[in-house]
1. By what distance, in whole Å, do the Cα atoms of the range A:298-382 stretch along each of the three principal axes, largest value first?
2. What does the charge count around A:L204 come to, taking other residues whose C-beta lies under 13 Å from its C-beta (Lys +1, Arg +1, Asp -1, Glu -1)?
3. Mind checking the mean number of beta-carbon atoms from other chains within 10 Å of the Cβ atoms in A:107-118?
4. In nm, to one decimal, how far is the A:K238 label point from the A:R323 one, both placed 7 Å along Cα→Cβ?
5. If R₀ is 56 angstrom, what is the calculated FRET efficiency for the pair B:E159 and A:Q416, using the beta carbon separation as r and rounding to 0.05?
6. Going through the range B:341-424, which trypsin sites (Lys or Arg not before Pro) have at most 11 other Cβ atoms within 10 Å and a DSSP loop state?
7. Which of the DSSP-defined H helices in chain A satisfy a minimum axial length of 30 Å, computed from C-alpha atoms, and a minimum mean Kyte-Doolittle hydropathy of -0.5?
8. Out of all DSSP beta bridges in the protein assembly as shown, what portion is antiparallel? Express it as a percent rounded to 5.
Amino acid sequence: MIKTQLAMMKILYPVAVFLLLVHATQSWALTPEQKLNLATGDNDSRITALGKVSESGDVSAIAYLQSLDDDAIKFKGNQLFLVGDSVTDAITGKSVTLPDDAEDVVNNNQMRSELDATIAALKLFSKDPKVRLESAKALIGTDPSEGRLTLIKRVEKTETDEAVKATLAQVSASIEINSPNKDTRMAAVAKLKEGANPNNKEILASRLEGDGEKDPEVRLAIQAALNSIESQMAVYDKIGQAFTGLSLGSILLLAALGLAVTYGLMGVINMAHGEMMMIGAYATYLAQTFFQRFLPGYFDWYLLLAVPFAFVVTAAIGIVIERLVLRHLYGRPLETLLATWGVSLILMQLVRTVFGAQNVEVENPVWMSGGVQLAANLILPNNRICIIAFAIAVLIMMWLLITKTRLGLFIRAVTQNRGMASCTGVNTSKVDAMAFGLGSGIAGLAGVALSQIGNVGPALGQSYIVDSFMVVVLGGVGQLAGAVYAALGLGIVSKFLEGIAGAVLAKIFVLVIIIVFIQKRPQGLFAFKGRSLD
Amino acid sequence: MQNRRNFIKTLTAIAAGIALMTGSLTSSAADDTIKVGVLHSLSGTMAISETALKDMALMTIDEINKKGGVLGKKLEPVVVDPASDWPLFATKARQLLTQDKVAVTFGCWTSVSRKSVLPVYKELNGLLFYPVQYEGEELEKNVFYTGAAPNQQAIPAVEYLMSKQGGSAKRFVLLGTDYVYPRTTNKILRAFLHSKGVDDADIMEEYTPFGHSDYQTIVANIKKFASEGKKTAVVSTINGDSNVPFYKELGNAGLKAKDVPVVAFSVGEEELRGVDTKPLVGHLAAWNYFMSIKNPTNAAWIKEWSAYAKEKNLPSASKPLTNDPMEATYIGIHMWAQAVEKAKSTDTDKVIAAMAGQTYKAPSGFVAEMDPKNHHLHKPVFIGEVKADGQFNVVWKTPGPIKAQPWSPYIEGDDKKPDEPVTN
């Protein structure tokens with residue numbers, strides 16, 4: 001029996017694929033009534049119609065179902081329209097004009113998941129094992145319906161690809177767990193145990209709820225399976241938590257690195273630091289607008305322009321501020337606090353006047369949306385990964401600049417002993433300007449990163465200034481390495497606390513921890529060991 | 001000596017003249033225009049939502065003026081920016097009432113801003129039209145609420161999630177911004193869910209500060225909560241620009257509406273501007289109006305708004321959007337104008353009396369009616385799902401407008417409170 005079916009299927013595959021090809025370009029195999037029933041009427045009757053389609057295994061229906069799923073079908077009375085680049089009659093395939101009062105086919109979540117599942121089920125007939133595997137995966141977690149069940153069973157028997165087979169086994173196990181036969185249920189539990197994903201956990205857990213499973217032996221097996229899945233998932237949960245901490249740490253680090261130069265090395269309490277980030281974010285916005293207007297084809301790469309642009313703009317503004325305001329105030333940190341605070345207000349108002357008080361839109365490039373799926377319950381978002389990489393790159397560049405270049409040497413010399421540096425012929429005032437420009441430029445780079453994860457508005461800097469100072473003070477003033485440890489530490493601790501206590505309380509706890517820490521260790525994590533410490 | 005005295009005399013005369021002139025100017029201005037206040041945040045975290053309401057208020061005032069104004073007088077808008085700063089709302093409200101002497105104010109979005117201006121309106125007997133859905137538990141003589149009460153938004157939305165069509169949700173994440181509206185709404189929803197047999201163990205409540213932008217942990221927690229055995233749905237009362245990072249994170253983390261639907265009460269077409277909505281298809285919002293609703297009134301209204309945005313060169317003109325609070329603003333201003341015509345006066349008490357039972361054909365396609373007693377509108381409820389283009393597909397609606405219950409039956413003691421403002 002199975003053998004004949006196998007033979008049948010072998011013949012059927014090419015036929016199915018052929019039909020699919022033919023029907024994708026020409027008319028459909030579904031009858032007009034079927035098409036109408038799928039598109040109009042209430043959800044229940046449409047779902048029944050869908051069930052019939054999957055039962056029949058009519059692969060030619062895929063194209064029509066797909067256009068339903070894409071909201072490309074409209075209707076008026078008994079007429080169906082396929083709206084794409086041009087409008088065609090979905091029944092006859094002829095070109096028509098769309099009437100003004102044609103109604104959209106509305107698919108709600110329930111309908112859309114049924115459509116997706118049916119398409120996936122029908123795609124199991126595909127010749128390409130990759131498509132089959134994808135479809136099988138898409139079927140995991142869908143509500144089992146009569147029609148689809150028969151179809152899945154039919155395909156499962158003839159499937160040759162191991163991976164597809166294993167996935168299909170998971171799908172049928174999620175259905176068979178409700179079977180009246182105890183042995184079938186036990187087998188299903190064993191199969192579900194193999195897949196450590198939230199979906200299997202949900203299926204097993206819901207079986208234990210209320211009057212689901214009554215047999216004590218099966219209950220025990222389910223409980224054991226649940227424990228095993230949970231322990232496997234817990235590992236990934238921990239990794240995910242560590243990653244969010246790392247991600248927050250990288251943002252804090254970016255925000256604080258510039259401040260580590262202007263405050264840490266130069267001793268300027270730079271309240272305008274946050275506004276430099278804000279200007280960096282607006283520079284990103286400008287770069288984005290430039291690409292939208294003049295190079296729409298290369299839009300995905302606008303960040304490549306935004307990074308140097310933001311750096312140059314903010315560094316230039318930093319140098320101007322240093323020349324006009326700060327150079328009169330060295331050695332008087334409290335005055336720098338007031339002066340830079342004033343500067344920050346001016347900059348914010350300036351941006352408000354130029355760009356308006358509302359947030360501006362900064363779109364993520366396509367390669368920064370979505371995420372990398374490491375496990376069923378662990379997806380690492382691309383934008384976070386990019387920002388971590390960016391933070392590392394900025395850190396390395398800055399370390400090279402400070403330790404390996406002449407400018408870096410001068411900055412260190414002026415920081416450690418201004419008088420002596422000046423005596424050996426270092427133009428200290430020029431070095432001050434360059435150092436402040438560098439700090440501001442790095443803040444601008446932080447702004448580029450922030451524009452990719454949050455809102456860009458005139459007040460953007462305000463929400464990061466406190467965090468930046470926290471990192472620098474905690475790490476030890478004058479220490480770059482300290483800033484790195486402090487940023488990562490703060491990131492991981494606050495994410496860990498947020499997991500337990502919620503976002504509002506976590507923020508308070510972190511502040512309390514820092515207050516206590518600074519009291520016990522005022523010099524920060526890393527003390528500056530030098531003679532010039534005064 | 002003589003000279004100087006003459007000089008002083010002339011100076012006094014000039015001063016008096018100027019004083020007279022300005023005096024007559026202001027009084028003549030007061031004679032042929034009626035001042036109306038517009039009190040919306042144009043900067044800060046709420047600007048994302050409130051700026052559009054300011055523009056809509058100005059458009060409606062323009063529209064009324066073009067038709068001859070109210071009582072034969074033109075309306076003169078006075079726009080102030082309370083900058084998402086709650087105490088500043090009260091200061092600005094006082095300024096509107098005492099300095100500008102406005103006849104009525106259209107304004108506020110967050111409940112915390114409304115609570116902050118309330119004492120001012122009560123003390124000076126002013127009139128406030130509040131256009132946003134809110135938590136109820138309030139009924140003030142000086143306020144007309146043109147947004148939804150919980151029974152016109154929150155309760156039907158959760159009922160929908162629990163229905164078979166909405167996915168038969170059994171567990172709920174109540175996620176909000178940390179202030180009075182989300183806290184109170186979630187209190188009502190928790191009581192409602194209890195009444196439907198949902199245990200506390202199946203409810204997770206989370207709050208974030210205003211302007212919060214890092215939703216990684218929360219989205220991860222939602223995913224974890226959802227994998228514990230029952231169909232889970234998220235009810236979001238996040239307000240302001242935090243919604244953008246929240247929805248971005250949802251999309252990036254791959255939390256699909258098919259698995260865990262998120263229904264939002266403060267997210268409309270305007271808030272989703274600038275969010276890539278393709279990964280968000282199917283997430284829901286509950287409102288009393290959606291831009292995608294098809295009827296002639298709505299089409300005309302959208303057209304009028306698009307033309308206005310273009311004419312005034314608003315930043316949104318390239319993609320003009322309408323939403324529920326904009327509709328509520330529009331209805332509110334028209335009803336006020338009708339009530340003033342009926343009362344033949346802008347006197348607060350006379351207008352309040354004339355407001356009872358006012359009707360207006362709303363862009364939602366229904367006739368909105370001001371309840372004769374409780375200062376709330378009778379409104380229809382729509383539940384929409386996000387489409388790939390950022391618009392909403394209406395997937396469920398009430399057959400007609402329903403009456404607001406500002407005092408929720410799910411809060412103990414509320415059933416004894418009268419359904420009209422208490423004056424003492």
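1. 57, 28, 25
2. Numbers: positive: A:R185, A:K191, A:K193, A:K201, A:R207, A:R219, B:K230; negative: A:E176, A:E194, A:E202, A:E209, A:E213, A:E230, B:E228.
Summing Lys and Arg as +1 and Asp and Glu as -1 gives 0.
3. The mean count of partner-chain Cβ atoms within 10 Å per residue comes to 5.
4. Going by the 7 Å Cα→Cβ label model, 5.6 nm.
5. E(calc), rounded to 0.05, equals 0.20.
6. On the way: sites: B:K342, B:K344, B:K350, B:K361, B:K373, B:K387, B:K397, B:K403, B:K416; in loops: B:K344, B:K373, B:K387, B:K403.
Taking the range B:341-424 and a limit of 11 other Cβ atoms within 10 Å, the loop trypsin sites (Lys or Arg not before Pro) found are B:K344.
7. Working: long enough: A:2-25 (34 Å, 1.41); A:216-259 (63 Å, 0.83); A:273-294 (32 Å, 0.22); A:302-324 (33 Å, 2.01); A:333-355 (32 Å, 1.27); A:382-404 (32 Å, 1.74); A:428-453 (38 Å, 1.02); A:480-501 (31 Å, 1.51).
Sorted by number, the helices that extend far enough and score high enough are A:2-25, A:216-259, A:273-294, A:302-324, A:333-355, A:382-404, A:428-453, A:480-501.
8. About 50 percent, rounded to the nearest 5.
The values are calculated or read from the model by the stated rules, or taken from the named source; none is laboratory data. Not measured: the values here are computed from a predicted model. Quick reminder, even Gly has a Cβ in these numbers, built from the backbone with ideal geometry, and neighbours come from all protein chains shown. Surface areas here come from the heavy atoms of the whole protein model, side chains and all, with no ligands, DNA or RNA. Shrake-Rupley method; radii C 1.70, N 1.55, O 1.52, S 1.80 Å.
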